[in-house]
Amino acid sequence: MDPHRLRNLLHPDLLRKRLEHEERPRTTFSFYRYVRLADAGNLRHALYVEWEALGVLGRVYLAPEGINAQVSIPTDNLDRFRSVLDARPEFRAVPWKIAVEDDGRSFLKLIIKVKKKIVADGLADDAFDVTNVGTHLDAATFNRKMEAGALVIDMRNNYECAIGHFEGAYLPKADTFRGAIEEVKQVMKEKKDAEVLLYCTGGIRCEKASAYLKHEGFTNVNQLHGGIIDYARQIKAQGLKSNYLGQNFVFDERLAERITDDVVGTCMQCGKPCNRIGNCHEATCNMLLVQCEACAGKYADCCSPSCREIHQLPMEAQRAWRKGRSTRSTKTKAINDPEGLRKRIREEEELLAFNGTLHPELSSITRENSSRA
Ligand SMILES: [Zn+2]
Ligand SMILES: [Zn+2]
């Protein structure tokens with residue numbers, strides 16, 4: 001079989017339309033497992049064929065160390081999907097975490113990638129025992145320990161914490177996993193015997209983080225089993241109080257799912273309380289930012305006046321300007337200096353008022369276009 005055919009080649013707009021017209025409800029869920037996969041390359045092709053036939057969409061990483069999958073599937077195919085997973089010894093009985101807030105539009109296509117690692121953690125795995133993880137806690141126990149005064153630590157990146165987190169948790173300033181874990185090690189270096197509670201989105205990052213901290217001499221390391229995603233499900237099912245406030249950042253089209261109505265974020269542009277996160281709509285920027293409705297209107301869904309100016313040009317001129325510039329498809333680069341952003345906006349607005357443009361180079365593009373027309 002030609003592996004090049006085992007991928008989706010359709011345009012995103014078409015895929016979005018197709019999904020909007022799909023009648024069958026979908027369920028979004030995620031799962032991961034650290035397990036030895038001897039031949040991830042061939043497994044990838046086999047899984048693509050198997051899962052595509054069941055209508056699975058999503059993003060899946062395979063690596064010699066295991067699988068990490070975020071997918072959506074027509075709900076009436078869930079049982080069938082369970083059986084095909086269970087038929088493979090390496091994935092048998094792998095637990096699922098079902099998203100709480102879900103319109104089934106979380107993914108447009110199925111992507112299965114073979115990677116070196118299932119989480120890009122930047123840690124040297126051979127330097128410590130990755131299987132010596134912390135104690136797994138369910139939602140009720142996590143709440144109880146938290147309320148008894150254990151130290152809660154967010155193992156996600158700064159932009160993920162910006163719109164929701166556990167009350168009183170330590171929120172690392174770093175924007176990578178590696179950075180966050182080094183920061184935690186530093187901040188906690190006098191408290192190696194304290195009871196610590198780690199959490200992340202789905203639990204996978206805590207597997208590595210807890211093993212690493214134990215290796216570094218921390219003696220009482222615990223972690224939220226199934227992450228925020230499963231915490232939300234458990235508190236709902238058991239009628240518990242949510243100590244997690246606000247939104248849970250997720251790595252799909254939705255960007256965030258609501259856990260509680262609390263607003264813990266701040267608009268990066270005007271500084272008002274805000275839980276709304278989005279990407280700058282200018283394709284060469286695409287930076288993630290927390291942005292209120294009013295600012296989204298004011299800046300045309302862009303991060304700055306300079307991105308707005310490009311974004312509001314006629315399509316033809318936008319294309320001409322972007323020529324030779326790289327557009328970023330990544331959704332996970334975030335603005336992490338809101339103060340700097342606000343300063344830049346002020347400067348740009350001033351310059352714009354003075355010059356009428358922030359992109360003097362546009363005049364030649366517009367001239368070229370009109371002379372061609
Ligand atoms: Zn704002
Ligand atoms: Zn931008």
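Quick rundown of the values:
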| quantity | calculated |
| --- | --- |
| Qualifying position, being surrounded by fewer than 17 Cβ atoms within 10 Å (Cβ to Cβ) and in contact with a strand residue (DSSP E or B) (Cβ under 9 Å, 6 or more places away or on another chain), among Arg258, Arg325 | Arg258 |
| Region 290-306 residues that are within 12 Å of ligand 1 (Cβ to nearest atom), paired with ones that are at pLDDT 95 or above and assigned to a helix (DSSP H, G or I) (beta carbon under 6 Å, 6 or more apart) | Tyr299/Arg308 |
| Test result for Val250, surrounded by 18 or more Cβ atoms within 10 Å (Cβ to Cβ) and more than 16 Å from ligand 2 (Cβ to nearest atom) | yes |
| Residue match in region 75-87 (condition: in contact (Cβ under 8 Å) with a residue 24 or more places away in the chain and within 21 Å of Gln234 (Cα to Cα)) | yes |
| Test set (1) in contact (Cβ under 8 Å) with a residue 60 or more places away in the chain; (2) of a type outside the set (A, V, I, L, M); (3) touching a helix residue (DSSP H, G or I) at 6+ places or on another chain (Cβ under 7 Å) - Arg92 fails condition number | (1) |
| Test: residue in region 226-237 that is away from ligand 2 (no atom under 11 Å from the Cβ), outside any helix (DSSP H, G or I) and not assigned by TED's automatic domain parsing to the domain that holds Gly168 | no |
| Some residue of region 244-254 being free of Cβ contacts under 8 Å to residues at least 40 places away in the same chain and either among the hydroxyl-bearing types (Ser, Thr, Tyr) or not in a loop (DSSP other than H, G, I, E, B) (or both) | no |
| Matching residues, region 254-276, being touching a helix residue (DSSP H, G or I) at 6+ places or on another chain (Cβ under 6 Å) and more than 16 Å from ligand 1 (Cβ to nearest atom) | Ile259 |
| Residue within region 172-179 that is assigned to a loop (DSSP other than H, G, I, E, B) and buried (at least 20 other Cβ atoms within 10 Å of the Cβ) present | yes |
| Matching residues in region 180-200 - criterion: being part of a loop (DSSP other than H, G, I, E, B) and closer than 20 Å to Arg144 by Cα | Asp193, Ala194, Cys200 |
| Qualifying residue in region 285-301 (condition: within 14 Å of ligand 2 (Cβ to nearest atom), in contact with a Leu (Cβ under 7 Å, 6 or more places away or on another chain) and of a type in the set (Asp, Glu)) | no |
| Region 31-48 residues that are of a type outside the set (A, V, I, L, M), paired with ones that are in a helix (DSSP H, G or I) (beta carbon under 7 Å, 6 or more apart) | Tyr32/Ile204; Arg33/Phe91; Tyr34/Glu207; His45/Pro3 |
| Selection status of Gly58, touching a residue at least 60 places away in the same chain (Cβ under 8 Å), within 21 Å of the chain's Cα centre (by Cα) and surrounded by 20 or more Cβ atoms within 10 Å (Cβ to Cβ) | yes |
| In region 302-322, residue surrounded by the fewest Cβ atoms within 10 Å (Cβ to Cβ) [restricted to those that are part of a loop (DSSP other than H, G, I, E, B) and within 13 Å of ligand 2 (Cβ to nearest atom)] | Gln312 |
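The values are calculated or read from the model by the stated rules, or taken from the named source; none is laboratory data. Just so it is clear, the model here is predicted, and its values are computed rather than measured. Note: ideal-geometry Cβ built from the backbone for every residue, glycine included; neighbour counts use all protein chains shown.
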